[in-house]
Amino acid sequence: MTSNWISRIRAAKPLIECLTNDVTITDVANTILDVGASPVMGVAEAEIPGLVKAASAVVINIGTFSAELEERYLLALKVAHEFGKPVVFDPVGAGATDYRTDITKNLLQAHPIAIIRGNASEIKALLKGRGSTVGVEAADDDVINDNTLVAQAEIARNVAKTYRCVVSMSGQIDVICDSCNAYACRNGVPWLCSVTGTGCSLTGLLAAFAAVATRQELLEAATFGTAMMGVAGELAFNRTANLGLGSFHVALHDELSMMTDLRLEQLAKLQPIQA
């Protein structure tokens, strides 16, 4: 794999339509801007078809969910499918309640998804129904480390096979896979879990990468997109470890906006996961 993704995004300046949650909407928009894409956060039913048609990729994030929004998500999925726009789906809180899990599965089964991005508990819930998700956080028993990496990758592969998509599973070690191949990304710092919105922001970042990828390139795009967030987190932590989370939050966006393909390729810690 070679990393020229950032230059491709910044040259194309793709429009990303985001149906995302109210808690993290600003961070998602800023992250998309950081990498050189252009976010639009339109959720009005009347404008969704036009925005999806105009966009190069679509984000659907169910963090602040309602029955009314479900219909809008379905509309966005339908139009994206009709016009061949990649959708990056974030199943926030899947597994926490039966209701949320059922709605998530209904959305995933309605139309094709390009990439699913979630934590280990959320991804597991897509296979096993109600899982061990605690609010929107992964449960302690769903940690991804060297002892659990192969097993977690198998879960992610099964989700990718079920929904015919790429999966980015976030954790201590990130797992990125399609139904056949899987990669581990060992970038990142614990502080990324202590700032609201970094997972949602990664979903937006992956949409920017998907916007300039062919279908055959989606796994590579998701792998480098995932690594970019981890690398930026490491660089931001190095600058702010003695300052605190507020400074880290700002520095994270600094590092995302200053990231280059060369820096990403030099600092990304990626390796294939053997089945």
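The values are calculated or read from the model by the stated rules, or taken from the named source; none is laboratory data. The structure displayed is predicted, hence computed values, not measured ones. Counting neighbours? That spans all protein chains shown, and the Cβs are built from the backbone with ideal geometry, glycine included.
Counting only residues that are over 26 Å from residue 56 (Cα atoms), give me the helices (runs of 4 or more DSSP H) lying completely in the range 171-267 with at least 1 of them.
In the range 171-267, the matching helices (runs of 4 or more DSSP H) lie at 218-240, 245-258, 261-267.
Residues in the range 49-73 that are surrounded by fewer than 22 Cβ atoms within 10 Å (Cβ to Cβ) and either in contact (Cβ under 8 Å) with a residue 24 or more places away in the chain or among the hydroxyl-bearing types (Ser, Thr, Tyr) (or both): how many?
13
Only one of these conditions is not met by residue 275: (1) touching a Ser or Thr at 6+ places or on another chain (Cβ under 9 Å); (2) surrounded by fewer than 20 Cβ atoms within 10 Å (Cβ to Cβ); (3) part of a loop (DSSP other than H, G, I, E, B); (4) small (Gly, Ala, Ser). Which number is it?
(1)
Before we move on, is residue 260 closer than 30 Å to residue 159 by Cβ and of a type in the set (S, T, N, Q)?
No; evaluated as a whole, the condition is false for this residue.
Here is a check on your reading of the model: is residue 194 surrounded by 24 or more Cβ atoms within 10 Å (Cβ to Cβ) and of a type in the set (Ser, Thr, Tyr)?
No; evaluated as a whole, the condition is false for this residue.
Given 257, 247, which one is within 18 Å of residue 201 (Cβ to Cβ), of a type outside the set (A, V, I, L, M, F, W, C), surrounded by 12 or more Cβ atoms within 10 Å (Cβ to Cβ) and in contact with an Asp or Glu (Cβ under 9 Å, 6 or more places away or on another chain)?
257
Within the range 262-272, track down each residue that is buried (at least 17 other Cβ atoms within 10 Å of the Cβ) and over 19 Å from the mean Cα position of the chain (by Cα).
Passing the criteria: 263, 265.
Do any residues in the range 1-19 that are farther than 29 Å from residue 47 by Cα and modelled with pLDDT under 95 have Cβ atoms under 9 Å from those of residues that are β-branched (Val, Ile, Thr) and surrounded by 14 or more Cβ atoms within 10 Å (Cβ to Cβ), where the two are at least six apart or on different chains, and which pairs are they?
1/223
List the number of the failed condition for residue 272; all other conditions in (1) free of Cβ contacts under 8 Å to residues at least 24 places away in the same chain; (2) out of contact with any Lys or Arg (no Cβ under 8 Å at 6 or more places or on another chain) hold.
(1)
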